[in-house]
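Heads up: the structure comes next, in structure tokens.
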Amino acid sequence: MNKTLLIILGIAIAVGVAFFAFTSHRPSIVETVEVPAAPVQVTTPTATTPATPPATTAAPETAPAATDVDSVAATVNGTPIMQSALDDGVDSIIAQYSSLYSQMGQDFRSLLVGAEGFTMKLGIQVQALDRLAFDAIADAEVASRAIVVTDEELAAKFDELYTEFLASNNLTEESLTSLLAAQGMTLDSFKESGRKNIRESLLLSKLQVAVAGPIELTDEEIETFWETNKATYSTEEQVRASHILVKTEDEAKAVVAQLDGGADFAAVAAEKSLDASNAQKGGDLGFFSRGTMVTEFEDAAFALEPGQRSGIVQTEYGYHIILVVEKKAAVEPALADVRDQVVEDAKQEIVDERSNAWYSEVMASANIVIKDPILSAARQQQVSVDLGLAAFEAALESGAVHEPYVSYIIGTLYENKVQTLTRAKTQLEAVTPPETAKIAETAAQIEEARAKALAAYQEALAGVGADAAIQARIEAVQSASAAPEVEAQ
């Protein structure tokens, strides 16, 4: 099962890596978090959510009435998804992207402005809605199959992950308590949230197995899986090392002098190392193989024996002093050595394939009714450009939508059609003899789509006053119209 591990939550600013990293995401039958880029068309920033059918905008008779406190954003097979839940889901996804971007020194939220930001956030809303839709479907399936997680199963898994979390982050329960307190949280609430996420993860794992059905593997199938995946069971030579990173050579010489004088390596790393990701863990980098670190650092580390310390090693990051703690030799096991694990992995691959197929089927057949016509149109656009385009245009024509950036999205979809039609025209021109009538018809369709894209962009710009992204698209379309023989890029 592919899980998104090490997702950094708000608490991670202080803790380093959140405990919920092990538990807070659905397996692969939902989605894999992917850093989004500003799209040219409305897209949900996720790699694995299958295409789903367009949702209708008419509320079903079974849809519950909105309340003053909250409102119904959508229904899934008659089950309501509240607006507050959708808002929380959007906030959660944005927080995940913000954490990922912050590691690269970027502010993700600054991207959620203007036309491109509106488009990106709309994609995130679709992603959040699909997560909640699947939650509703999965919960119903779990209930119908009477799948349960016992208290004993939950306690065992919690203890396993919690112990791993503390060890991998060099934390004690006392130090974790202090870090949580600095964030306004208690250890009890932290653990309770962890248990809740673990229970949900275990339920979903059991659901995957249930929908996959029984799996019996032949010796031939096991052998085939082994031959295909043999490399994953081999390990290269690895070294576990700690390091102290400083800015100048003089600082490095001073550190070496301290260590030569008997100072504790971990204590000096905690005090002086510039590598904040591991300084408080004594500079411990864990195990790594060749090709992981920069060449100078790697060559020095692999040349040392356990317990040996390097001299001063210069890299593009500064000056390092390296201490090798442990080494592991390369291992290439035979099938007999790892047969049980190979069988387990082969079965899990089938579980993943079958459960993904089940997910696609249930999402495709679900009756998902979305209240917001813009969000409904964005979801329909995932199925096809034409469906999304028709839905966005209908939303504007209804007079119920007064969002100028919708016109920008319509423009991007017409540009998308230009690209598709241009490729079709190129293929037609490659046929011998050329289909002149079809080529002319396609060329006219290209110009019509360009004209509609330009009109939509101009309408959007008139509505917002100024937007560099919209202006850039206008100029690009005008340039392409002036030189129609140049293919749209």
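The values are calculated or read from the model by the stated rules, or taken from the named source; none is laboratory data. All of these numbers come straight from a predicted model, not from anything done at the bench. Heads up, the Cβs are rebuilt from the backbone with ideal geometry, glycines too, and the neighbour counts pull from every protein chain shown.
If you go through segment 149-179 and keep only what is in contact (Cβ under 8 Å) with a residue 40 or more places away in the chain and farther than 25 Å from GLY286 by Cα, you end up with VAL149, GLU153, LEU154.
If you check LEU176, LEU122, LEU202 for being in a helix (DSSP H, G or I) and in contact with an Asp or Glu (Cβ under 7 Å, 6 or more places away or on another chain), only one passes: LEU202. The conditions of being outside any loop (DSSP other than H, G, I, E, B), under 30 Å from PRO404 (Cβ atoms) and out of contact with any Phe, Trp or Tyr (no Cβ under 8 Å at 6 or more places or on another chain) are met by ALA73. What is the one condition in (1) part of a strand (DSSP E or B); (2) surrounded by 14 or more Cβ atoms within 10 Å (Cβ to Cβ); (3) at pLDDT 95 or above that VAL343 does not satisfy? Only one criterion is unmet by VAL343, namely (1). The set of residues in segment 111-145 being closer than 20 Å to GLU403 by Cα and not hydrophobic (A, V, I, L, M, F, W, C) consists of GLY114, GLU116, GLY117, THR119, LYS121, GLY123, GLN125.
Filtered by the rule that a residue be part of a strand (DSSP E or B) and hydroxyl-bearing (Ser, Thr, Tyr), segment 239-257 gives a lone residue, SER242. Just so you know, in segment 231-264 the residues that are within 31 Å of the chain's Cα centre (by Cα) and over 21 Å from PHE297 (Cα atoms) include one that is surrounded by the most Cβ atoms within 10 Å (Cβ to Cβ), and it is TYR233.
Starting from residues that are assigned to a strand (DSSP E or B) and hydrophobic (A, V, I, L, M, F, W, C), keep the ones in segment 266-289 and report whichever is surrounded by the most Cβ atoms within 10 Å (Cβ to Cβ). Reasoning before the result, please.
Of all residues in segment 266-289, those assigned to a strand (DSSP E or B) come to 284-289.
When the remaining residues are screened for being hydrophobic (A, V, I, L, M, F, W, C), the result is 285, 287-288.
Details: LEU285: 20, PHE287: 14, PHE288: 17.
Selected residue: LEU285.
Checking the conditions here, which among LEU428, LEU454, LEU421 is more than 37 Å from the chain's Cα centre (by Cα) and either outside any helix (DSSP H, G or I) or surrounded by 14 or more Cβ atoms within 10 Å (Cβ to Cβ) (or both)? After applying the criteria, what remains is LEU428.
Each row is one residue, and each column tells you yes or no for (1) at pLDDT below 95; (2) assigned by TED's automatic domain parsing to the domain that holds LYS452; (3) closer than 30 Å to ASN77 by Cβ.
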{"position": "ALA357", "(1), (2), (3)": "no, no, yes"}
{"position": "ILE370", "(1), (2), (3)": "no, no, yes"}
{"position": "GLN382", "(1), (2), (3)": "yes, no, yes"}
{"position": "VAL385", "(1), (2), (3)": "yes, no, yes"}
{"position": "TYR414", "(1), (2), (3)": "no, yes, no"}
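Note on segment 346-384: residues that are of a type outside the set (D, E, K, R) and not in a helix (DSSP H, G or I) amount to 6. Taking into account only those residues within segment 125-171 that are modelled with pLDDT of 95 or more, touching a helix residue (DSSP H, G or I) at 6+ places or on another chain (Cβ under 7 Å) and in a loop (DSSP other than H, G, I, E, B), which is farthest from ILE368 (Cα to Cα)? Looking at residues that are modelled with pLDDT of 95 or more, touching a helix residue (DSSP H, G or I) at 6+ places or on another chain (Cβ under 7 Å) and in a loop (DSSP other than H, G, I, E, B), I get VAL149. You will find that of THR228, THR292, the residue that is at pLDDT 95 or above, out of contact with any strand residue (DSSP E or B) (no Cβ under 6 Å at 6 or more places or on another chain) and surrounded by fewer than 16 Cβ atoms within 10 Å (Cβ to Cβ) is THR228 and no other. So, SER92, is that one in a helix (DSSP H, G or I), touching a Phe, Trp or Tyr at 6+ places or on another chain (Cβ under 8 Å) and farther than 17 Å from ALA469 by Cα or not? Judged against the criteria, SER92 is not a match. Evaluated against (1) at pLDDT 95 or above; (2) assigned to a helix (DSSP H, G or I), ALA263 falls short on exactly one condition, (2). Read through the list (1) crowded, with 19+ Cβ neighbours inside 10 Å; (2) closer than 19 Å to SER168 by Cα; (3) in contact with a Ser or Thr (Cβ under 8 Å, 6 or more places away or on another chain), then give the number of the only condition that LYS328 fails. Tallying (1) crowded, with 19+ Cβ neighbours inside 10 Å; (2) closer than 19 Å to SER168 by Cα; (3) in contact with a Ser or Thr (Cβ under 8 Å, 6 or more places away or on another chain), LYS328 fails exactly one: (1).
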